[in-house]
Amino acid sequence: MPPRPLRAGILLSRNPIVTKEPSAFVKAFYHYQDELERRLMWTFPWYFYFKRGTLSQRKFDSLQKGPMPRHKGVYYPEGIPDVKHNRERRSKQVVNLPSQSGDGEGDKIIPQSRTTQADEKKDVRSLERKLDSTLYLVINNKEWRLPSFEVSEEATSLHEAAEAGLRELGGSNINTWTVSSTPAAVIKGEVPEFVIKSHILHGQFTPKDFDFAWLTKEEIKEKVKPEYFSSVEALL
Amino acid sequence: MKNSIVRAAGLQIRNQRIRDAVLNGVPKTGPPTLRSRWARSRYVSPEGINEAFSLAKEIVDKEAANHKSAAGEVEKELKSATGEEQRAELAKNLEHHLVKSEFHNPEVRFNFMVKDSVDLNEPIYRYLSRTEWAAKEMLILMQRLEQHHVIPDTMPTLDPRAQVDVQFVTPTMSSFEPGSFLSNEVCERRPRISIQEFEPIAKDSLYSVVIVNPDVPDLENDSFKTLLHYAAVNIRISNDAPEVDFAQATELADYLPPHPEKNAPAQRFCVWVFRQPARVEGAEISREGFDIRQFAGANNLEAVGAHMWRVRYDLTTDFIRAKYGLGPGSVYFRARTAKPEEALLHVRHRQKWEKFVETPSK
Amino acid sequence: MMNWKQGLRAFQAVVRPHISAAQPTLVRAKRTTKLAPGASRVINMVSVISARKKQPRRLKMCKEDQVRHQMIMAAWKLHLRDEKAERTNKLKAQYEKITEACDELQKLDPALYEAATAREKGKRFSPEMRIPTDTPPRQPWQFDWSPPDK
């Protein structure tokens with residue numbers, strides 16, 4: 001069967017796994033808003049959480065740094081204390097919670113690192129790199145570009161041809177979700193290439209005789225030819 | 001690259017210590033705007049405001065620089081433009097970019113907040129002043145003009161563009177809301193008027209002021225007629241000089257104090273401010289039966305602002321009438337009759353008046 | 001729902017059952033009678049949700065800080081506006097790319113065009129898709145995946 005006069009390309013992306021790193025301004029703004037909110041919070045009703053006269057209440061009490069009390073005839077350079085319910089009403093209330101283990105620091109949760117081994121090794125073939133940005137699959141077939149496949153005369157739709165081509169190229173142990181059967185763009189050339197958008201969900205791409213890489217938009221810009229990049233830039 | 005944007009010196013905060021506090025954060029000695037040392041020493045800034053401010057300033061300065069460069073381009077275009085409409089459009093665009101380039105400038109906001117060194121030649125201050133005026137005073141003015149039927153009894157309508165402020169010479173020299181009742185003694189002499197333009201106007205642009213009273217009883221027609229109380233043309237106004245200098249203006253009619261009649265309805269005194277396209281020379285007017293629409297039409301005047309107050313017969317009216325030789329006036333019955341002339345108590349009132357003029361109080 | 005008067009009566013009935021709701025009396029002296037069972041818990045609950053004694057002082061900024069606060073909020077608005085404009089422009093460009101591709105495909109291969117623009121009824125997002133979180137899971141990616149047997 002002769003192939004049709006067009007090719008089906010695939011833009012396979014790995015969506016971000018962690019949220020984007022906020023900019024310095026966003027961080028500072030959130031911190032400022034958080035501080036304003038804490039300043040305006042009601043006093044913590046400890047008696048709701050710790051029953052009076054119990055050991056846990058005593059433990060909680062011992063961790064609290066009480067406010068400066070108000071006495072008559074004393075000069076307070078930073079303003080007369082305004083204490084109610086053991087809280088200084090002019091500033092935010094700091095509540096120290098007791099920990100289960102009893103070291104007084106509270107139970108700290110140590111989260112997984114946002115950078116992985118693949119980031120340290122600069123392994124562009126790993127799907128575990130750059131967790132906070134979208135990665136796109138590019139292959140080196142004479143030149144670096146998005147994978148694309150011939151569409152045979154029997155093929156009934158572009159997206160099926162693209163998915164079948166992807167599995168033929170990189171093995172069938174790959175779970176993808178194709179966004180739509182409509183092509184997202186056409187890359188014009190001798191043979192026009194219709195790009196189908198798809199997301200990789202599980203598995204990995206393991207081709208036999210090609211070099212490939214999972215790259216971000218900025219990295220693709222450095223790797224591919226400028227005219228090719230300008231034709232796919234809007235998609236990334 | 002740091003966004004360093006060149007600003008006019010007039011837009012800066014004059015007090016250097018306050019300026020430092022606004023731009024670099026409140027110092028350890030406390031905010032300089034607080035008067036007492038006690039208040040300064042116990043003031044605490046919200047946490048995190050300094051870091052957020054310095055980063056926010058970069059964003060705001062970038063935005064300002066964009067508008068500044070856009071304004072520069074529009075200015076170049078304006079120089080080469082010829083068509084009248086095109087020039088007006090470009091001038092409007094230029095004003096917009098100039099306002100936006102200073103819109104978030106904290107120094108400008110501070111100056112405007114404390115009303116210090118507010119230079120109305122700067123587009124941003126004009127914009128802020130106009131916004132403040134349009135949010136309250138303009139609405140009150142329009143409501144009063146319509147409620148008291150100044151529109152359309154005197155002029156057909158008003159597109160308010162200038163803030164008109166009227167002050168009578170009293171110990172407090174305070175302004176009053178449009179439509180207020182004033183005592184006859186208060187409005188005895190010509191008020192001080194200020195005309196604040198918010199659109200960019202040429203220096204010493206020409207304006208006219210007319211004060212009319214459309215509520216003089218007209219017994220012959222069983223109606224009311226209009227009396228002109230004051231008219232001046234060729235008043236010079238600039239954006240930064242809103243006070244009317246009557247000495248330099250051409251007075252067509254000098255100020256006639258309000259002198260309402262007893263038991264007649266309250267009289268409206270309508271102040272109309274017009275923009276003049278050119279100098280007005282040799283305009284002829286008559287006080288009695290003054291037609292303000294005809295006057296504005298004949299001299300090509302464009303109404304941009306208005307003000308009003310009301311008066312009733314009160315304890316001071318007879319003093320004013322005696323002082324300025326305005327005659328005894330009339331007294332009306334409260335009852336309605338078929339013939340309005342009969343409502344006059346001619347004889348009794350004239351007797352009282354003569355007695356009053358002969359023996360005035362000290 | 002009870003109104004506040006009925007609520008107060010119910011509350012008093014729990015706290016002081018010996019005082020009838022019709023003749024409430026103020027007890028100024030130290031409480032001598034024991035609280036009814038459950039009453040202290042009710043008092044606790046009510047005081048947790050009441051603002052009395054728990055509200056902080058009003059936040060009063062000096063003029064300098066008011067101006068600084070205004071500028072921070074203005075910059076935040078500009079930031080949101082820029083972000084939104086960027087997103088809108090990107091979506092617009094992508095939409096134009098889709099239109100261009102569809103027009104081209106219609107000229108080249110009408111049959112594939114029909115298949116590509118047919119309505120995909122009942123299409124859903126895959127439930128295996130993951131929403132980004134602040135920190136990654138222990139195993140960020142599942143590499144050994146094989147298609148399920150049919």
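FYI, it's all coordinate maths here, none of it is from the lab. The structure presented is a predicted model; accordingly, all values stated were derived computationally and were not measured. Here Cβ is always computed from backbone atoms with ideal geometry, including for glycine, and neighbour counts include all displayed protein chains.
Amide H contacts for B:LYS225 (H built 1.01 Å from N in the peptide plane; partners 5 or more residues away or on another chain; cut-off under 5 Å): B:VAL216, B:ASP218. Provide, for q = 0.07, 0.08, 0.11, 0.14 Å⁻¹, the log10 of I(q)/I(0) from a solvent-free Debye sum over equal Cα point scatterers in chain B. Here the Debye-derived log intensity ratios amount to -0.46, -0.57, -0.89, -1.19. This ranking places B:TYR324, B:TYR207 by how few other beta-carbon atoms lie within 10 Å of each, fewest first, which gives B:TYR324, B:TYR207.
Could you tell me which trypsin sites (Lys or Arg not before Pro) in segment B:198-278 are loop residues by DSSP with no more than 12 other beta carbons within 10 angstrom of their beta carbon?
On the way: sites: B:LYS203, B:LYS225, B:ARG236, B:LYS262, B:ARG268, B:ARG275; in loops: B:LYS203.
Answer by residue number: B:LYS203.
Would you mind telling me which residue in B:ASN121, B:ASN221, B:ASN184 has the biggest mean-square fluctuation in a Gaussian network model of chain B, where springs connect alpha carbons within a distance under 10 angstrom? Highest fluctuation among the options: B:ASN221. In terms of other Cβ atoms within 10 Å, A:ASP123, B:ASP254 run from fewest to most in the order B:ASP254, A:ASP123.
Here B:LEU227, B:LEU315 are placed in order of increasing Cβ neighbour count within 10 Å, fewest first, which gives B:LEU315, B:LEU227.
One quarter of the convex hull surface, Cα atoms only: what value does that give for segment A:109-236 in nm²? Walk me through the numbers on the way to the answer.
Values: hull surface 37.7 nm².
Convex hull of Cα atoms, orientation-averaged projection: 9.4 nm².
Take each residue of peptide A:171-183, count the partner chain Cβ atoms within 10 Å of its Cβ, and average: the result is 5. Note: relative contact order over chain B, using C-alpha pairs below 8 Å and six or more positions apart, is 13 percent. Rounded to a whole number, what is D in µm²/s for segment A:1-108 from Stokes-Einstein with the Kirkwood radius over alpha-carbon pairs (25 °C, 0.890 mPa s)? Calculated translational D: 127 µm²/s. When only the Cβ of Lys, Arg, Asp and Glu is charged (+1, +1, -1, -1), the dipole of the protein assembly as shown relative to its Cα centre reaches about 5680 debye. Amide H to amide H distances under 5 Å link C:THR133 with A:VAL18, A:THR19, where only residues 5 or more positions off or on other chains count and H is placed in the peptide plane.
Restricting to bridges with both residues inside chain A, how much of the DSSP beta-bridge set is antiparallel, in percent to the nearest 5?
Working: 24 of 31 bridges.
Roughly 75 percent of the DSSP beta bridges within chain A come out antiparallel.
Computed from the C-beta positions of A:ASP209 and A:SER152, the FRET efficiency with R₀ = 22 Å rounds to 0.55.
In plain terms, if you count all Cα to Cα distances in the protein assembly as shown and split them into 20 Å steps from zero, the share in each step is 11, 24, 27, 26, 10, 2, 0 percent.
Please give the average number of partner chain Cβ atoms lying within 10 Å of the Cβ of each residue in A:38-49, rounded to a whole number. Mind dumping the intermediate values first?
On the way: counts 2, 6, 5, 3, 8, 5, 1, 7, 0, 5, 5, 1.
Mean number of neighbouring Cβ atoms from other chains: 4.
About the centre of its Cα atoms, chain B shows a dipole size close to 1480 debye [charges on the beta carbon of Lys, Arg (+1) and Asp, Glu (-1) only; nearest 20 debye].
Counting only other chain Cβ atoms within 10 Å of each residue's Cβ, the peptide A:152-159 averages 3. Ranking A:PRO69, A:LEU36, B:PHE181 by Cα position along the charge dipole of the protein assembly as shown, where only Lys, Arg, Asp and Glu carry charges on their C-beta atoms, puts A:PRO69 farthest toward the positive end.
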